[in-house]
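Peer 1: Dumping the structure here so I can ask a few things about it.
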Amino acid sequence: MSKRPIRKAIFPVAGLGTRFLPASKAIPKEMLPILDRPLIQTVVDEAREAGIEHFVFVTGRNKSVIEDHFDRQYELESILRKRGQSASLELLEKDLPAPGQTSFTRQQEPLGLGHAIWCARHLVANEPFAVLLPDMIMMAKPGCLKQLIDVYHESEGGNVLAVEEVAWDRVDRYGVVVPDVWQDNHFSISGMVEKPKRDVAPSNLIISGRYILQPEVFTELSQQSSGAGGEIQITDAMIHLMGKQPFRGVKYVGTTYDCGDKIGLLSASVVHALQHETFGLEFRNALSNIVKKAGGKLTWGGE
Ligand code: G1P
């Protein structure tokens, strides 16, 4: 099976983000920050660390700020230069993709994740690629995609998915895989299902938002009708490919925060701030004071 290098990554960022209204009314939810880095920047960092050279964003209406974020901001740069704020300038420079490294296309209708990925088919063309869902923030060293790419090269290649165990009462929010033969922290996948009910879920190992896929998935997607939730699902396209290509799950080392919901985003922000090399100590003190004021218990007001 193909072990061609993984050079391109797709970032599906067309979702409406209704769970974050009103914050996400005028700005995309992917621009919500963990401390000072937007979610989308965090996943682009992860892709870069894994050696990705081309970043393909599948956007929608109201998402043009994402394009601006990955462009130069000349006015701001010139003000920072005049003021001698070289540290801020360096920070912007470090994050800026090289010219031609980004592409943007639009998902014109909200027809599901599979459809969003299919919208990028001409930009990816005929080579294996990665998909990173910016809702899922992985704190991992090395990064989650890097861990997947390592397994891709060590094993038979093909399709490789990040998986993790979740509590059984959460399986119906995700795609779920059936593990077959384990080898260290990865295994061949013998089945998968999208958003199963808890009592029929084949395992509690969920597909956690990082994929390495072969380009043949685009053909499956183009023939696909809607599945779970009335949407075109990437999981269904993968199921169709399963007899023809290898699929492997990697139980990667790290912690995932589902920043598609408020508690996930808050938790990721707190953990990130606690570990931060500049602000960590100050934040730990601030948080200790909050807990002390609450009498050592994390309860509040009339609770
Ligand atoms: C999508 C995928 C699902 C996966 C999840 C991870 O679901 O369809 O298989 O487990 O992302 O976040 P969505 O979040 O679009 O409902």
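The values are calculated or read from the model by the stated rules, or taken from the named source; none is laboratory data. Since the model is a prediction, treat every value here as computed from it, not as a measurement. Because the Cβ atoms are built from the backbone with ideal geometry, glycine has one as well, and the counts that use them run over all protein chains shown. Ligands, DNA and RNA are stripped out before the accessible areas are found, and what is left, the full protein with its side chains, is counted by its heavy atoms. Shrake-Rupley method; radii C 1.70, N 1.55, O 1.52, S 1.80 Å.
Peer 1: Which condition does Glu164 not pass, out of (1) within 16 Å of the ligand (Cβ to nearest atom); (2) modelled with pLDDT under 95, if it passes all the others?
Peer 2: It fails just one condition, (2).
Peer 1: Say whether the condition of being among the polar types (S, T, N, Q), away from the ligand (no atom under 16 Å from the Cβ), out of contact with any Ser or Thr (no Cβ under 7 Å at 6 or more places or on another chain) and assigned to a helix (DSSP H, G or I) is met by at least one residue in segment 209-220.
Peer 2: Within segment 209-220, the subset among the polar types (S, T, N, Q) is 214, 219.
The next check asks that each one be away from the ligand (no atom under 16 Å from the Cβ); those that pass are 214, 219.
Narrowing further to those that are out of contact with any Ser or Thr (no Cβ under 7 Å at 6 or more places or on another chain): 219.
Next, only the ones that are assigned to a helix (DSSP H, G or I) stay: 219.
Yes: segment 209-220 contains one or more residues that are among the polar types (S, T, N, Q), away from the ligand (no atom under 16 Å from the Cβ), out of contact with any Ser or Thr (no Cβ under 7 Å at 6 or more places or on another chain) and assigned to a helix (DSSP H, G or I).
Peer 1: One residue is enough: does segment 74-85 have a residue meeting the conditions under 21 Å from Asp258 (Cβ atoms) and surrounded by 18 or more Cβ atoms within 10 Å (Cβ to Cβ)? Break it down stepwise before answering.
Peer 2: Kept after step one, since they are under 21 Å from Asp258 (Cβ atoms), are these residues of segment 74-85: none.
No, there is no match, as no residue in segment 74-85 is under 21 Å from Asp258 (Cβ atoms) and surrounded by 18 or more Cβ atoms within 10 Å (Cβ to Cβ).
Peer 1: I want to confirm something. Restricting to segment 221-247 and keeping residues that are more than 13 Å from the ligand (Cβ to nearest atom), open to solvent by 20 Å² or more (accessible area, probe 1.4 Å) and not in a loop (DSSP other than H, G, I, E, B), which single residue is farthest from Ala140 (Cα to Cα)?
Peer 2: So the residue we want is Ser222.
Peer 1: Say whether the condition of being within 11 Å of the ligand (Cβ to nearest atom), among the β-branched types (Val, Ile, Thr) and more than 14 Å from the chain's Cα centre (by Cα) is met by at least one residue in segment 99-116.
Peer 2: Within segment 99-116, not a single residue is within 11 Å of the ligand (Cβ to nearest atom), among the β-branched types (Val, Ile, Thr) and more than 14 Å from the chain's Cα centre (by Cα).
Peer 1: Here is a further query. Looking at Ile189, Ile137, can you tell me which residue is farther than 12 Å from Arg248 by Cβ and either assigned to a loop (DSSP other than H, G, I, E, B) or within 13 Å of the ligand (Cβ to nearest atom) (or both)?
Peer 2: On inspection, the qualifying residue turns out to be Ile137.
Peer 1: For segment 267-299, enumerate the residues that are β-branched (Val, Ile, Thr), farther than 27 Å from Leu39 by Cα and in a helix (DSSP H, G or I).
Peer 2: Let us first name the residues in segment 267-299 that are β-branched (Val, Ile, Thr), namely 270-271, 278, 290-291, 299.
With farther than 27 Å from Leu39 by Cα added as a condition, the list becomes 291, 299.
If the condition is that a residue be β-branched (Val, Ile, Thr), farther than 27 Å from Leu39 by Cα and in a helix (DSSP H, G or I), then Val291 is the only one that fits.
Peer 1: Here is a further query. Is it true that some residue in segment 76-98 is at pLDDT 95 or above, charged (D, E, K, R) and under 18 Å from the mean Cα position of the chain (by Cα)?
Peer 2: Checking segment 76-98: not a single residue is at pLDDT 95 or above, charged (D, E, K, R) and under 18 Å from the mean Cα position of the chain (by Cα).
Peer 1: Restrict the check to segment 107-124 and report whether at least one residue is surrounded by 14 or more Cβ atoms within 10 Å (Cβ to Cβ) and free of Cβ contacts under 8 Å to residues at least 60 places away in the same chain. Full working, then the answer.
Peer 2: Narrowing segment 107-124 to residues surrounded by 14 or more Cβ atoms within 10 Å (Cβ to Cβ): 107, 111-121, 123-124.
Then drop every residue that is not free of Cβ contacts under 8 Å to residues at least 60 places away in the same chain, which leaves none.
No, segment 107-124 has no match at all.
Peer 1: Scanning for something surrounded by 13 or more Cβ atoms within 10 Å (Cβ to Cβ) and within 25 Å of Val166 (Cα to Cα), does segment 274-283 turn up at least one residue?
Peer 2: Yes, segment 274-283 contains at least one residue that is surrounded by 13 or more Cβ atoms within 10 Å (Cβ to Cβ) and within 25 Å of Val166 (Cα to Cα).
Peer 1: Shifting gears a bit: Give me the pairs: first residue in segment 92-106 and farther than 11 Å from Arg48 by Cβ, second residue part of a helix (DSSP H, G or I), beta-carbon distance under 7 Å, and six or more apart or on different chains, which are they?
Peer 2: Final answer for the pair search is Leu92/Glu77; Ser103/Leu123; Phe104/Glu67; Thr105/Leu123.
Peer 1: Please go through segment 192-208 and pick out each residue that is away from the ligand (no atom under 13 Å from the Cβ) and either within 22 Å of Met136 (Cα to Cα) or not in a helix (DSSP H, G or I) (or both). Even if it seems obvious, please write down each step before you answer.
Peer 2: So the first thing to find is which residues in segment 192-208 are away from the ligand (no atom under 13 Å from the Cβ), and the list is 197-200, 202.
Result: Lys197, Arg198, Pro202.
Peer 1: If I filter segment 40-53 for residues that are without any contact (Cβ under 8 Å) to a residue 40 or more places away in the chain and open to solvent by 80 Å² or more (accessible area, probe 1.4 Å), do I get at least one hit?
Peer 2: Among the residues of segment 40-53, not one is without any contact (Cβ under 8 Å) to a residue 40 or more places away in the chain and open to solvent by 80 Å² or more (accessible area, probe 1.4 Å), which makes the answer no.
Peer 1: Any residue at all in segment 164-172 that's part of a strand (DSSP E or B), touching a Lys or Arg at 6+ places or on another chain (Cβ under 8 Å) and free of Cβ contacts under 8 Å to residues at least 60 places away in the same chain?
Peer 2: Quick first cut of segment 164-172, residues part of a strand (DSSP E or B) only: 164-165.
If we keep only those that are touching a Lys or Arg at 6+ places or on another chain (Cβ under 8 Å) too, we end up with 164-165.
Still in the running and free of Cβ contacts under 8 Å to residues at least 60 places away in the same chain: none.
So far as segment 164-172 goes, no, none of its residues is part of a strand (DSSP E or B), touching a Lys or Arg at 6+ places or on another chain (Cβ under 8 Å) and free of Cβ contacts under 8 Å to residues at least 60 places away in the same chain.
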